[in-house]
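A quick write-up on the structure given underneath.
The values are calculated or read from the model by the stated rules, or taken from the named source; none is laboratory data. Being a predicted model, the structure only gives us computed values, none of them experimental. Glycine gets a Cβ as well: all are built from the backbone with ideal geometry, and neighbour counts include every protein chain shown. Just the protein is used for accessible areas: all its heavy atoms, side chains included, with ligands, DNA and RNA removed. Shrake-Rupley method; radii C 1.70, N 1.55, O 1.52, S 1.80 Å.
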Amino acid sequence: ECPTIAFAGSHMDVVVADKNTWKRDPFKMEIDGDIIHGRGTTDCLGHVALLADLFVQLAEKKPKLNCTVAGVIIVDEEAGGSRDEADVGVGRLMKEGELSFLRRGPVIWLDCADKQPNIGSGGTVQWALNVKGKLFHSGFPHKGINAVELAMEISSALQRHFYEKFPPHEKEKEYGFECSSSFKPTQISTGEGSVNQIPSSVRMW
């Protein structure tokens, strides 16, 4: 079976930009010498352009290869992928088995912003926590079970367990990692309700 060399990690989507906080207009590309300024030029449209140019050259020059060269350009990296169901992007491709052939060889990850080539890069594993409590009027908190408080306590316990299991690696400074592995909630939702109610359910991501 023909081996595969894959280039993945480059993504089309970019982070939001507030024009008022930029020294240059983020929505206009500006070239200053050998530096390109603009929203997403570093993370990660420069990588997308590099990968696109690679495949243009392969198509034009038609070199004889003993392997398959594949490219995976991501569309939902900054969004963190689909939260609940793999409907778009890489999640959808994996769900439908379209990326299984990448197992036949190495995958070169092209998304390290303005850094040099490295032997490791930060990734993410998504998680969600659903907590059930008991709805009641906030004037009588002893008669309800506050799902928000439960979620906070559970997430704190999970963090303590995570950092015990995954302490900083001894070679992080040598590898140039800016931080160790982390576990943190970034969003919380209590659904519909009012401020004078003890929430009965919480979803935390």
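Taking (1) surrounded by 13 or more Cβ atoms within 10 Å (Cβ to Cβ); (2) under 26 Å from Thr186 (Cβ atoms) in turn, Phe101 satisfies each apart from (2). Looking at the structure I just gave you, is Thr68 farther than 27 Å from Gln187 by Cβ, surrounded by 13 or more Cβ atoms within 10 Å (Cβ to Cβ) and at pLDDT 90 or above? In short, yes. When each of Glu172, Glu178 is tested for being modelled with pLDDT under 95, open to solvent by less than 50 Å² (accessible area, probe 1.4 Å), farther than 19 Å from Gln126 by Cβ and not aliphatic (A, V, I, L, M), the lone residue that passes is Glu172. Do we have any residue at all in region 78-96 that's open to solvent by 40 Å² or more (accessible area, probe 1.4 Å), touching a strand residue (DSSP E or B) at 6+ places or on another chain (Cβ under 9 Å), aliphatic (A, V, I, L, M) and modelled with pLDDT of 90 or more? No, region 78-96 contains no residue that is open to solvent by 40 Å² or more (accessible area, probe 1.4 Å), touching a strand residue (DSSP E or B) at 6+ places or on another chain (Cβ under 9 Å), aliphatic (A, V, I, L, M) and modelled with pLDDT of 90 or more. Look at region 1-16: where a residue is over 23 Å from Leu45 (Cβ atoms) and a partner is in a strand (DSSP E or B) and open to solvent by 30 Å² or more (accessible area, probe 1.4 Å), sitting 6+ places away or on another chain with Cβ atoms under 9 Å, you get Cys2/Thr68; Pro3/Thr68; Thr4/Thr68; Thr4/Val69; Thr4/Val107. Scanning region 44-76 for residues that are of a type outside the set (A, V, I, L, M, F, W, C), within 27 Å of the chain's Cα centre (by Cα) and in a helix (DSSP H, G or I) yields Gly46, His47, Asp53. Restricting to region 7-38, and then to whatever is crowded, with 16+ Cβ neighbours inside 10 Å and touching a Lys or Arg at 6+ places or on another chain (Cβ under 9 Å), can you tell me which residue is farthest from Asp111 (Cα to Cα)? Looking at residues that are crowded, with 16+ Cβ neighbours inside 10 Å and touching a Lys or Arg at 6+ places or on another chain (Cβ under 9 Å), I get Pro26.
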